[in-house]
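**Q** Right, I'll just put the structure down here and ask away after.
The values are calculated or read from the model by the stated rules, or taken from the named source; none is laboratory data. Worth saying up front: this structure is predicted, and the values here are computed from it rather than measured. Positions of Cβ are generated from backbone atoms using ideal geometry, with glycine treated the same way; all protein chains shown enter the neighbour counts.
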2 protein chains.
Amino acid sequence: MLLYGSLGGVLIALLKYIEYQHFVRAYPAEIYGGALALIFAALGLWFGLRSAKAKEVVVLKEVRVRHDEPFVVDVAKLEELAITPRELEILGLIAEGLSNREIGERLFVSENTVKTHSSRLFQKLGASRRTQAVQRGKELELIP
Amino acid sequence: MLLYGSLGGVLIALLKYIEYQHFVRAYPAEIYGGALALIFAALGLWFGLRSAKAKEVVVLKEVRVRHDEPFVVDVAKLEELAITPRELEILGLIAEGLSNREIGERLFVSENTVKTHSSRLFQKLGASRRTQAVQRGKELELIP
DNA sequence: ACGAAAATCACCCATTCGTATGACGACTTG
DNA sequence: CAAGTCGTCATACGAATGGGTGATTTTCGT
């Protein structure tokens with residue numbers, strides 16, 4: 001800012017000197033004043049835009065985009081494969097790495113029940129292993 | 001822009017007229033010129049800053065798309081857990097739902113070998129089931 | 001070239017899993 | 001009401017899995 005100010009002052013003095021010596025008599029004062037006004041208006045505008053550009057850079061950016069969608073089960077595929085709610089529930093627990101026994105404990109049913117559910121589930125998913133069932137479930141968007 | 005231009009022109013004319021009529025004799029030309037320069041410099045600066053503010057708003061733009069990353073294994077965690085390349089490979093195949101036998105066939109090794117690898121893998125991952133290992137592997141970004 | 005790490009394989013044993021089969025009760029629907 | 005679906009549970013058996021130990025061979029870094 002200080003630099004700009006002093007530079008402007010020098011420029012003014014210079015211009016004034018030149019003008020006074022050579023043109024003050026050649027052209028009417030209106031031309032002189034107009035030119036001066038134009039020059040300084042341009043100068044001011046230039047400086048203004050310059051500082052404007054600087055400001056432009058400083059502007060902060062704060063935008064968040066979604067990263068994970070909420071996930072919804074593909075109900076169409078569920079019905080298509082005739083997978084019951086209970087079976088889907090068990091698929092989810094299988095995907096969490098729980099054993100049949102643990103699933104039974106969590107759902108307050110016997111391990112045998114879990115086995116029947118998972119067995120039917122595997123049939124419907126075309127899986128023969130639980131890891132396979134998990135993979136299929138993710139592919140079919142039945143589990144996140 | 002046009003509006004500003006014409007306004008500036010009118011202003012110039014007005015100023016010139018007033019000056020010519022009253023001050024041309026009262027003060028030396030330097031003062032007159034200096035004042036004019038100052039005024040127009042300020043005017044230009046003001047306009048510059050004004051347009052600067054407008055530009056500042058435009059800059060408010062941000063792209064932070066992050067939906068699907070290509071996925072790279074977390075080498076740091078791999079070393080931290082001392083997981084060998086072979087073990088990681090087997091983890092991937094487990095995640096695909098393959099049985100130990102199938103993994104052995106695909107890698108041209110015996111099922112027993114697969115079992116030892118997976119056994120050590122489970123130890124390192126703190127898993128007791130393969131489904132659990134898969135889950136841990138995904139959490140630790142060892143597999144996609 | 002030596003030694004450590006990795007990979008390979010085998011055997012054993014207990015547990016878990018997958019599958020089949022049958023059964024029973026609750027609920028829905030025609 | 002009869003049929004169908006769903007959830008529940010049991011038993012049984014073979015396959016798969018997990019865990020442990022021991023051993024040999026490759027590979028690789030210093």
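**Q** Quick check on the range A:108-119. Is at least one of its residues touching a Phe, Trp or Tyr at 6+ places or on another chain (Cβ under 9 Å) and either assigned to a helix (DSSP H, G or I) or of a type in the set (S, T, N, Q) (or both)? Lay out the reasoning, then the answer.
**A** The initial filter retains those residues of the range A:108-119 that are touching a Phe, Trp or Tyr at 6+ places or on another chain (Cβ under 9 Å), namely none.
Within the range A:108-119, none of the residues are touching a Phe, Trp or Tyr at 6+ places or on another chain (Cβ under 9 Å) and either assigned to a helix (DSSP H, G or I) or of a type in the set (S, T, N, Q) (or both).
**Q** Now, a different point. Which condition does residue B:137 not pass, out of (1) near DNA strand C (Cβ under 8 Å from one of its atoms); (2) under 19 Å from residue B:79 (Cβ atoms); (3) not β-branched (Val, Ile, Thr), if it passes all the others?
**A** For residue B:137, the failing item is (1).
**Q** Oh, and also: Taking the range A:90-114 as the search range and keeping residues that are closer than 21 Å to residue B:95 by Cα and within 11 Å of DNA strand D (Cβ to nearest atom), which one is surrounded by the most Cβ atoms within 10 Å (Cβ to Cβ)? Explain how you work it out, then say what you get.
**A** First, pick out the residues of the range A:90-114 that are closer than 21 Å to residue B:95 by Cα: A:90-100, A:102-103.
Subset that is within 11 Å of DNA strand D (Cβ to nearest atom): A:90, A:97, A:99-100, A:103.
Working: A:90: 28, A:97: 20, A:99: 17, A:100: 19, A:103: 22.
Filtering first and then ranking leaves A:90.
**Q** Determine, yes or no, whether residue B:103 is facing another protein chain (nearest Cβ under 8 Å), modelled with pLDDT of 95 or more and out of contact with any Cys (no Cβ under 9 Å at 6 or more places or on another chain). If you could, list the steps in order and put the result at the bottom.
**A** Numbers: facing another protein chain (nearest Cβ under 8 Å): no; modelled with pLDDT of 95 or more: yes; out of contact with any Cys (no Cβ under 9 Å at 6 or more places or on another chain): yes.
No.
**Q** Please pick out the residue among A:98, A:91 that is modelled with pLDDT of 95 or more, under 21 Å from residue B:139 (Cα atoms), assigned to a loop (DSSP other than H, G, I, E, B) and out of contact with any Ser or Thr (no Cβ under 6 Å at 6 or more places or on another chain). Working first, answer last.
**A** On the way: A:91 fails: assigned to a loop (DSSP other than H, G, I, E, B).
Answer to the selection: A:98.
Residue by residue, here is whether (1) in contact (Cβ under 8 Å) with a residue 12 or more places away in the chain; (2) within 12 Å of DNA strand C (Cβ to nearest atom); (3) closer than 22 Å to residue B:126 by Cα; (4) in contact with a strand residue (DSSP E or B) (Cβ under 6 Å, 6 or more places away or on another chain) holds:
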residue	(1), (2), (3), (4)
A:76	no, no, no, no
A:80	no, no, no, no
A:87	yes, no, no, no
A:100	yes, yes, yes, no
A:103	yes, yes, yes, no
A:111	no, yes, no, no
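**Q** Could you go through the range A:117-129 and let me know if any residue there is within 11 Å of chain B (Cβ to nearest Cβ), within 23 Å of residue A:73 (Cα to Cα) and within 11 Å of DNA strand D (Cβ to nearest atom).
**A** Yes, some residue in the range A:117-129 is within 11 Å of chain B (Cβ to nearest Cβ), within 23 Å of residue A:73 (Cα to Cα) and within 11 Å of DNA strand D (Cβ to nearest atom).
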